[in-house]
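Participant: I have a structure I would like to understand better, so I am pasting it below and will then ask my questions one at a time.
The values are calculated or read from the model by the stated rules, or taken from the named source; none is laboratory data. All values reported here derive from a predicted model rather than from experimental measurement. Backbone-built Cβ (ideal geometry, glycine too); neighbour counts: all protein chains shown. All accessible areas refer to the heavy atoms of the entire protein, side chains included, with ligands and DNA or RNA removed. Shrake-Rupley method; radii C 1.70, N 1.55, O 1.52, S 1.80 Å.
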Amino acid sequence: MKIAFVGKGGSGKTTLSSLFIRHLAADGAPVVAVDADINQHLGAALGLDEAEAAALPAMGENLPLIKDYLRGGNPRIASAETMIKTTPPGEGSRLLRVREDNPVYDACARPVGLDGGTVRLMVTGPFTDADLGVACYHSKTGAVELCLNHLVDGPDEYVVVDMTAGSDSFASGMFTRFDMTFLVAEPTRKGVSVYRQYKEYARDFGVALKVVGNKVQGPDDLDFLRAEVGDDLLVTVGHSDWVRAMEKGRPPRFDRLEESNRLALRTLRAAADATYGLRDPERYTRQMVHFHLKNAQSWGNERTGADLAAQVDPGFVLGESVTAGA
């Protein structure tokens, strides 16, 4: 299952995504965790110290390797240099699977031990001073989108992505790459504004969207969220002494998380798992192609000097039954 956590800056999406990852790991589920936020905090939320988090390899810096590996023997892609973030797989492409070992994971993922299990953590890399004026953050998250476009996962496997804040993910088609999107919202007008943006953009793409109310302190906060987001409100989360200890770098064992918050995490997993039966591989692939053609026409063809529409394999559908190319 591919799951995104989104929300405005400061909403608590990184904290909640890290709790969800810990919850999955405690149950022994295989997890690939991805920090795609411009502010790279997921590693610290999963217990890494400052030096360990800074030493994580950046996916953006390994983009040539990622492209070369995923291209495989696809005859429609002339070279790795002509691949862009939206390039879809086709016959001969190499695909990624959650449980396997491959050169992309070797270069970009690092194991993080959590209570009950180990997860693979990948990060886009921070937006540095060297990027100012010459790059946008979407050039870094492009590595994440390319990997998601080539990822095959099953119902008992999880890829959890901590997305960039606000509605920046709509600059590409990455918001359509998930089985479930959890939008973390505080009970304030600003807190639900990102929800309205997501709801509007996602309406035409069949995106499964549920709201997680965070920092909810009483009935008034709950009533406010219910009035603003209606049936999209899945669950709410309140104050947590466990989270406060974690933010100080001294988290207790995960089984000491408050029962109310453990119940909330179980609710999130059940909602994500329920979307498996709604998967439509043909629609998923069609949306991938839609955004690729859109990006190709607006900037990709000029940037690469190639007709990127020719990369589309009309007979290819990405699904669990497809096999990887050589």
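Participant: What does the charge dipole of the stretch 268-326 about its Cα centre add up to, to the nearest 20 debye, if the Cβ of each Lys and Arg holds +1 and the Cβ of each Asp and Glu holds -1?
Facilitator: Details: 6 positive and 7 negative charges, 37 e Å.
For the stretch 268-326, the charge dipole is close to 180 debye.
Participant: In debye, nearest 20: dipole of the chain around its Cα centre with unit charges on the Cβ of K, R (+) and D, E (-)?
Facilitator: Numbers: 36 positive and 44 negative charges, 58 e Å.
About 280 debye.
Participant: For every other residue with a beta carbon closer than 13 angstrom to the beta carbon of residue 288, add +1 if it is Lys or Arg and -1 if Asp or Glu, then tell me the sum.
Facilitator: Working: positive: 2, 85, 177, 283, 286, 294; negative: 145, 280, 282, 313.
Here the count lands on +2.
Participant: Note the full-extension length gain between residue 190 and residue 248 as 0.36 nm times their separation in residues minus their Cα-Cα distance, in nm to one decimal. Intermediate values should be presented prior to the final figure.
Facilitator: Values: separation 58, 0.36 × 58 = 20.88 nm, distance 2.70 nm.
So the extension gain works out to 18.2 nm.
Participant: Run the reach check for residue 215 against lysines, Cα to Cα strictly under 17 Å, same-chain hits fewer than 8 apart removed. What comes back?
Facilitator: 8, 13, 190
Participant: With all pairs of different alpha carbon atoms counted, what Kirkwood hydrodynamic radius in Å does the chain show? The partial results should precede the final answer.
Facilitator: Numbers: mean 1/r = 0.0496 Å⁻¹.
In the chain this quantity evaluates to 20.2 Å.
Participant: Of 322, 148, 222, which is farthest on the positive side of the dipole of the chain, counting Cα position, with +1 on Lys and Arg Cβ, -1 on Asp and Glu Cβ, and the Cα centre as origin?
Facilitator: Of the candidates, 222 comes out farthest on the positive side.
Participant: Assigning unit charges at the beta carbon (Lys, Arg +1; Asp, Glu -1) and nothing else, what dipole magnitude in debye, to the nearest 20, does the stretch 174-243 show about its Cα centre?
Facilitator: The dipole magnitude comes to about 240 debye.
Participant: If R0 is 35 Å, what FRET efficiency do you get for residue 205 and residue 50 from their C-beta distance, rounded to 0.05? Let's see the in-between values first.
Facilitator: Values: r = 38 Å, r/R0 = 1.09.
According to the calculation, E is roughly 0.35.
Participant: Quick check for you: with a 1.4 Å probe and neighbouring chains kept, what is the accessible area per residue of the stretch 204-326, in Å²? All intermediate terms of the calculation are to be shown ahead of the outcome.
Facilitator: Values: 7230 Å² over 123 residues.
Roughly 59 Å² per residue, with all protein chains present.
Participant: Largest first and to the nearest Å, give the Cα extent of the stretch 1-82 along each principal axis.
Facilitator: That gives 43, 28, 25 Å along the principal axes, largest extent first.
Participant: In terms of modelled amide H atoms, which long-range or inter-chain residues lie less than 5 Å from the amide H of residue 236?
Facilitator: So residue 236 has HN proximity to 213.
Participant: Could you tell me the calculated FRET efficiency between residue 274 and residue 39, based on Cβ-Cβ distance and R0 = 30 angstrom, to the nearest 0.05? Walk me through the intermediate numbers first.
Facilitator: Working: r = 31 Å, r/R0 = 1.03.
Between residue 274 and residue 39 the formula returns 0.45.
Participant: Evaluate the stretch 265-322: find the radius of gyration of its Cα atoms, find its Kirkwood radius, and give the ratio Rg to Rh. Don't skip to the answer; put the middle values down first.
Facilitator: Working: Rg = 16.1 Å, Rh = 13.7 Å.
Value, to two decimals: 1.18.
Participant: With r defined as the distance between the Cβ atoms of residue 231 and residue 79 and R0 fixed at 51 Å, what FRET efficiency is calculated, to the nearest 0.05?
Facilitator: On the way: r = 48 Å, r/R0 = 0.94.
Once the sixth-power term is evaluated, E becomes 0.60.
Participant: Output the antiparallel fraction of DSSP beta bridges having both residues in the chain, as a percent to the nearest 5.
Facilitator: On the way: 6 of 35 bridges.
So the antiparallel bridges in the chain amount to around 15 percent.
Participant: So what is the 222 nm mean residue ellipticity for the chain from helices alone, if each DSSP H run of at least 4 adds -39500 (n - 2.57) and you divide by all residues, rounding to the nearest 500 deg cm²/dmol? Show your work: numbers first, answer last.
Facilitator: Values: 12 runs with 117 residues, N = 326.
Dividing the helical sum by the residues of the chain leaves -10500 deg cm²/dmol.
Participant: Any idea how far apart residue 299 and residue 107 come out in nm if each label point goes 7 Å out from Cα toward Cβ?
Facilitator: With each label point 7 Å from Cα toward Cβ, the separation is 2.2 nm.
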